[in-house]
Each structure stands twice: as C-alpha cells, then as structure tokens.
1. Please report the base-10 log of the normalised intensity I(q)/I(0) for the chain, using a Debye sum with one equal scatterer per alpha carbon and no solvent, at each q in 0.17 (1/Å).
2. How far apart, in nm, are the 7 Å Cα→Cβ label points at LYS31 and ASN49?
3. For the Cα atoms of the chain, what angle does the longest principal axis make with the long axis of helix 52-61, in degrees from 0 to 90, nearest 10?
4. Which of GLY15, MET1, VAL44 sits farthest toward the positive end of the charge dipole of the chain, with +1 on the Cβ of Lys and Arg and -1 on the Cβ of Asp and Glu?
5. To the nearest 0.05, what FRET efficiency results for GLU65 and MET1 with a Förster distance of 35 Å applied to their C-beta separation?
6. Please list, or write none, the aspartates and glutamates whose alpha carbon is within less than 17 Å of the alpha carbon of LYS25, excluding same-chain residues fewer than 8 places away.
Amino acid sequence: MKEMILKVNGMVCEGCENRVQNAIKSIKGVKKVVASHVAGNVTVLAKENVTETQIKEKIENIGFEVV
C-alpha cells in the first residue's frame with residue numbers, strides 16, 4: 001500500500017469532497033480516500049499499481065484542478 005496526498009483547487013464544501021472521494025473510489029485498487037475542502041487536499045491509500053496520474057485524471061474529469 002502507498003499513501004498519496006494531492007493538492008486540489010476548487011473544493012468549497014462537503015458536497016465537493018464527496019464528489020472527489022466517489023470519483024477516486026471508482027479506481028480499482030483504491031482502499032481509502034479522504035478529501036478535505038478546508039485543507040484543500042485529498043489523501044489516497046491505494047495498492048502499488050494505482051498511479052497519481054490515474055487519480056489526477058479522475059479529479060480533473062469532474063471539474064477540479066490538481067496542483
């Protein structure tokens with residue numbers, strides 16, 4: 001397992017957090033996702049085969065920006 005923390009712009013409420021979490025959870029191999037609009041980031045615990053690029057694409061496909 002590996003932990004990745006990505007900075008995400010555009011999350012302003014719990015609804016945004018839920019959208020980001022649900023998008024990332026759809027990636028096979030993701031075990032845990034915690035998004036925080038207050039901190040402006042998302043923490044992902046996933047198997048080694050899950051890449052940061054996969055996560056970034058999921059987040060950007062729903063309208064948020066990974067910085």
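Laboratory data are not the source of any read-out in this text; all were calculated from the coordinates shown. Computed from a predicted structure; not experimentally measured. Cβ coordinates were reconstructed from backbone atoms using ideal geometry, including for glycine residues, and neighbour counts include every protein chain displayed.
1. -0.48
2. Result for the modelled spin labels: 1.5 nm.
3. Once rounded, the angle reads 40 degrees.
4. Sorting the options by dipole projection puts first MET1.
5. Between GLU65 and MET1 the formula returns 0.85.
6. Reachable aspartates and glutamates: GLU3, GLU14, GLU17, GLU48, GLU52, GLU57, GLU60.
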